[in-house]
Each structure stands twice: as C-alpha cells, then as structure tokens.
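As structure tokens, the structure follows; a few thoughts come after it.
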Amino acid sequence: QVQLVESGGGLVQPGGSLRLSCAASGIIFSNNDMGWFRQAPGKQRELVATITSGYSTNYAVSVKGRFTISRDNAKNTVYLQMNSLKPEDTAVYYCNSEHSYNRRQYWGQGTQVTVSS
C-alpha cells in the first residue's frame, strides 16, 4: 500500500519559515519524481515545486528564491523548506509522487500552512 505522509505544517507569522516533510512508503522512492502542490480556499491546486529522480528542480514563479525542495532517498523523504513566508502562501500543501517511467501518481492527505500575524 502506497502512503505519502506530510508533516511540518502549522501557523507562522509573515516572514517566518517552515519545513515540510513527506515520508513515502510502498513505492521505490528513487524511481519517482516528487513534488509539492498547494490549494488555497476557493482556488485550484497549483504546483509549488518538483524534484526529479535525477535531482533536477523546478519552482513556481511565486515561490522561486524563497522555497527549496530537496530529497533524501535513503529516508524516502522529500522536503520543502519555506522561507520569507507570505499570507498568500496560506494553503493546504500536498505531496505528490510520479513514477519516472510509467507516470503513475500518488498523493498525500495534505498539511495546512497558515501565514498570519
């Protein structure tokens, strides 16, 4: 059974930092591209950042320079370091895996990030 379990969300003041983690099980982690997406109330889910199995990264324009995605294949975990957080970063953040070859995807349950003073 595939599981992607996010953690690290919470309430933070503007300008603060959070680090999200996503622990994967039931997949061969090193064969998967990993990503973080987010969905704010009343909005569509959007891509935040991705990291391929080959460690190439891609970021949404809105988070470039503030967020950093990384992965630890030994721990089957992908991270999202979020700095200089803004109120508009408030959303539920979802972890995603996509197999590098067959493109099969899985999603986590999401973790809430709220940026507010």
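The values are calculated or read from the model by the stated rules, or taken from the named source; none is laboratory data. What you are looking at is a predicted structure, and each value in this text was computed from that prediction instead of being measured. Cβ sites come from the backbone with ideal geometry, for glycine too, and all protein chains shown count toward neighbours.
Among the candidates GLU88, GLU98, the residue that is at pLDDT 95 or above, charged (D, E, K, R) and under 13 Å from LEU4 (Cβ atoms) is uniquely GLU98. Mind checking whether some residue in segment 63-71 is touching a residue at least 60 places away in the same chain (Cβ under 8 Å) and either of a type in the set (Gly, Ala, Ser) or in contact with a Ser or Thr (Cβ under 8 Å, 6 or more places away or on another chain) (or both)? For segment 63-71, residues touching a residue at least 60 places away in the same chain (Cβ under 8 Å) and either of a type in the set (Gly, Ala, Ser) or in contact with a Ser or Thr (Cβ under 8 Å, 6 or more places away or on another chain) (or both): absent. Residues that are surrounded by fewer than 13 Cβ atoms within 10 Å (Cβ to Cβ) and among the hydroxyl-bearing types (Ser, Thr, Tyr) within segment 25-56 comprise SER25, SER30, TYR55, SER56, listed in sequence order.
For segment 14-72, which positions are of a type in the set (Ser, Thr, Tyr) and touching a helix residue (DSSP H, G or I) at 6+ places or on another chain (Cβ under 9 Å)?
Start the filter on segment 14-72 by keeping residues that are of a type in the set (Ser, Thr, Tyr), which leaves 17, 21, 25, 30, 50, 52-53, 55-57, 59, 62, 68, 70.
Within segment 14-72, SER53, SER62 qualify.
Do we have any residue at all in segment 4-24 that's on the phi > 0 side of the Ramachandran plot, of a type in the set (Ser, Thr, Tyr) and loosely packed, with under 15 Cβ neighbours inside 10 Å? Checking segment 4-24: not a single residue is on the phi > 0 side of the Ramachandran plot, of a type in the set (Ser, Thr, Tyr) and loosely packed, with under 15 Cβ neighbours inside 10 Å.
Here is a check on your reading of the model: is ALA74 more than 10 Å from the chain's Cα centre (by Cα), loosely packed, with under 14 Cβ neighbours inside 10 Å and of a type outside the set (D, E, K, R)? Yes, satisfied.
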